[in-house]
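Beneath this line is the structure, given in structure tokens, with notes to follow.
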Amino acid sequence: MIHFQSGRSILLCVGTSDTFLKGLSKDKTPDPDVFAKIFGPQVLKSDYALYDAIYKTTPSQITLTTPCNRAAGLGVILMVKAIMPPTTDWAIFRVQSNAAKGFQLGYPARRPKKMCLELFTEDAEYELSITQDGAGATPPIAQAELNRIIQTVHKTADAQSSLTVNPA
């Protein structure tokens, strides 16, 4: 986590490209088969495919003519969608660069306190949580700044950390 004097901060979490899927398979809450039955088996091939399917799901897909099993499955997916975004703004955008594709959660023009970039490569997921003062004197984070982050995220050669933490 990097915390700036302006009140802004960035938290970077890096995981494998199937961390979410592994968690679902391990806990079975909700059961991954629910997603496969609704969207097809390809949705369980990567976290990106699963996130994409979840973020595309809307309440308007449940109507009076929706079969009971499908409506129940979509209801579960909508509950998952409601608790997933680590943001204070519900806008969801698909983003892509040469190195990664993913999602931007949060619309900078509304100056949310928290936004998130979820970026995926073939073998990794990068989650960048970005916070800012909701109404302070510091100018809000601009879309151009988020675009710069998205366009510059890339994998580097593995290196040994030069930071060592010893508990006191």
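The values are calculated or read from the model by the stated rules, or taken from the named source; none is laboratory data. Only a predicted model underlies this, so the values are computations on that prediction, with no experimental measurement involved. When we count neighbours, we look across all protein chains shown, and the Cβ atoms used for this are built from the backbone with ideal geometry, even at glycine.
Taken residue by residue, segment 62-73 has no member that is under 23 Å from Phe103 (Cα atoms), free of Cβ contacts under 8 Å to residues at least 12 places away in the same chain and more than 15 Å from the chain's Cα centre (by Cα). So, in segment 64-117, of the ones that are closer than 30 Å to Lys155 by Cβ and among the polar types (S, T, N, Q), which residue ends up surrounded by the fewest Cβ atoms within 10 Å (Cβ to Cβ)? By that ranking, first place goes to Asn98.
Across segment 44-81, the number of residues qualifying as under 25 Å from Asn147 (Cα atoms) and among the hydrophobic types (A, V, I, L, M, F, W, C) comes to 4. Residues in segment 4-22 that are at pLDDT below 85 and either loosely packed, with under 12 Cβ neighbours inside 10 Å or more than 23 Å from Leu117 (Cβ to Cβ) (or both): Gln5 alone.
Applying the criterion of being buried (at least 20 other Cβ atoms within 10 Å of the Cβ) and over 13 Å from the mean Cα position of the chain (by Cα) to the residues of segment 118-140, the residue that is nearest to Asp18 (Cα to Cα) is Thr131.
Would it be correct to say that Lys26 is basic (Lys, Arg), within 28 Å of Pro67 (Cα to Cα) and free of Cβ contacts under 8 Å to residues at least 40 places away in the same chain? Criteria not met by Lys26. Could you count how many residues in segment 110-155 are closer than 14 Å to Asp47 by Cβ, in a loop (DSSP other than H, G, I, E, B) and not hydrophobic (A, V, I, L, M, F, W, C)? Of the residues in that region, 3 qualify.
Please tell me if Ala49 is modelled with pLDDT of 90 or more and not acidic (Asp, Glu). Answer is yes for this residue.
The residue that is farthest from Ile10 (Cα to Cα), among those in segment 84-107 that are free of Cβ contacts under 8 Å to residues at least 40 places away in the same chain and touching an Asp or Glu at 6+ places or on another chain (Cβ under 8 Å), is Tyr107. On inspection, Ser162 passes the criterion of being among the hydroxyl-bearing types (Ser, Thr, Tyr), out of contact with any Pro (no Cβ under 9 Å at 6 or more places or on another chain), more than 24 Å from Ser6 (Cβ to Cβ) and at pLDDT below 90.
Looking only at residues of segment 73-91 that are closer than 20 Å to Gly134 by Cβ and among the hydrophobic types (A, V, I, L, M, F, W, C), we find that the one that is modelled with the highest pLDDT is Ala91. Testing Lys37 on (1) touching a residue at least 40 places away in the same chain (Cβ under 8 Å); (2) surrounded by fewer than 19 Cβ atoms within 10 Å (Cβ to Cβ); (3) more than 14 Å from the chain's Cα centre (by Cα), one condition comes back false. Which one is that? Among (1) touching a residue at least 40 places away in the same chain (Cβ under 8 Å); (2) surrounded by fewer than 19 Cβ atoms within 10 Å (Cβ to Cβ); (3) more than 14 Å from the chain's Cα centre (by Cα), Lys37 violates only (1).
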